[in-house]
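Following: one structure in structure tokens, then a few remarks.
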Amino acid sequence: MLASAAPVGIVVVSHSRRLAEGVAELAAQMADPSVRIVAVGGAADGSLGTDPDGIVAGLQAADAGAGVIVVADIGSAVLAAETALELLGDGLAERVRISRGPVVEAAVVAAVQASIGQSLEEVLAAADEAATMDKGVAR
Amino acid sequence: MASTSLTVRNPSGLHARPLALFVRTAGPFGASIRVRNLDRDPERQADAKSILALMTLGVSNGHRIEVTAEGPDAEAAVAALRAAVEAGLGETLSEAPSESRHEPRSETPAASRDEPPSGGSS
């Protein structure tokens, strides 16, 4: 469970650059500074959208050797991440996992679990499970 | 095995940010560490190295938690977590409830909680 090497990295993919950066900022506040958290938001021209090439660059920047968890917002963000994996096409793609979790919760949970050196599969499981996070809403 | 119970004084309880620090404090220890909320559902245990599990404990300001560790470094793990919680997990803590809070404190200094000198160093 305790890795001696570098922690798992995180790429936040959103249709909005500002949203991706804000989620990454929030996650980084909870994380050990050694965890690489990279925001990839918006289309290549800066408009709302997704950019597989930008995600490829983000994955390369986030990987410190232990792999990368992708947390994505809605719709085609996951498709763009999958396209990025095809573009990568080599060793790194084998240690990238796309989380099913909601982007904010999954990013925060993944950042914390990566901070204590958990493995790629352990961090993925936690990020997926982040959908169940209790928000403490009294009703 | 090592165990301690302590009262949480974070104004908003143990929400995401303090819990993140709690997990990162527990993480380096090899010991298996469990946390219970003695004031809510003492039957439920959460893994101290899982922020999601800890969130399910619903620890509010004033709740008592129990931290139990098993393993070679259990004592050190419990001591580190106790120190981290007592230091506020990165937050400024609420005042501990005290009956003597509004009374003159010159009479029974030994019975009251530690107060910083009124002058302070800064």
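Quick one: 3J(HN,Hα) in Hz for segment A:78-84, Karplus 6.51/-1.76/1.60 with θ = phi - 60°, rounded, Gly and Pro as x.
Result, ordered by residue: 5, 4, 5, 5, 5, 4, 4 Hz.
Would you mind getting me the FRET efficiency between residue A:90 and residue A:45? Use the beta-carbon distance for r and R0 = 22 Å, nearest 0.05.
0.20
Debye sum, Cα scatterers, the protein assembly as shown, no solvent: what log₁₀ I/I(0) at q = 0.09, 0.12, 0.15 1/Å?
Summing over Cα pairs of the protein assembly as shown leads to -0.48, -0.75, -1.02.
Volume per residue, Å³, of the convex hull around the alpha-carbon atoms of chain A? Please list the in-between numbers first.
Numbers: hull volume 14.2 nm³, N = 139.
In chain A, the Cα convex hull volume per residue is 102 Å³.
Which FRET efficiency value, to the nearest 0.05, do you get for residue A:137 and residue B:82 by plugging their Cβ-Cβ distance into 1/(1 + (r/R0)^6) with R0 = 41 Å?
Approximately 0.85, to the nearest 0.05.
Amide H to amide H, which residues 5 or more places from residue A:96 or on other chains are under 5 Å from it, using H placed in the peptide plane?
Hits under the 5 Å cutoff: A:68.
Of A:19, A:138, A:89, which is farthest towards the positive pole of chain A's charge dipole, taken about the Cα centre with +1 and -1 on the beta-carbons of Lys, Arg and Asp, Glu respectively?
A:138
Can you compute 3J(HN,Hα) from phi for each residue in segment A:46-60, using the Karplus curve 6.51 cos²θ - 1.76 cosθ + 1.60 with θ = phi - 60°, rounded to whole Hz and x for Gly and Pro?
Each residue's phi maps through the Karplus curve to give x, 7, 5, x, 10, 9, x, 5, x, 5, 4, 4, x, 5, 5 Hz.
Describe numerically, in nm with one decimal, the distance between label points set 7 Å from Cα along Cα→Cβ at residue A:5 and at residue B:93.
Calculated label separation equals 4.1 nm.
Name the residue from A:31, A:7, A:71 whose Cα lies farthest towards the positive end of the charge dipole of segment A:1-88, charges +1 on Cβ of Lys and Arg and -1 on Cβ of Asp and Glu.
It is A:31.
Taking segment A:32-102 as the region of interest, what is the percent of Cα-Cα pairs per 10 angstrom bin, listed from the shortest bin to the one with the maximum distance?
For segment A:32-102, the pair-distance distribution reads 21, 56, 22, 1.
Determine, from the Cβ-Cβ distance of residue B:7 and residue B:75 and an R0 of 25 Å, the FRET efficiency 1/(1 + (r/R0)^6), rounded to the nearest 0.05.
0.75
Rounding to the nearest 20 debye, state how big the charge dipole of segment B:1-102 is about its Cα centre with +1 on each Lys and Arg Cβ and -1 on each Asp and Glu Cβ.
220
Since every read-out is calculated from the coordinates, none of them should be taken as a lab result. Predicted model only: the values in this text are computed from it and were never measured. Glycine gets a Cβ as well: all are built from the backbone with ideal geometry, and neighbour counts include every protein chain shown.
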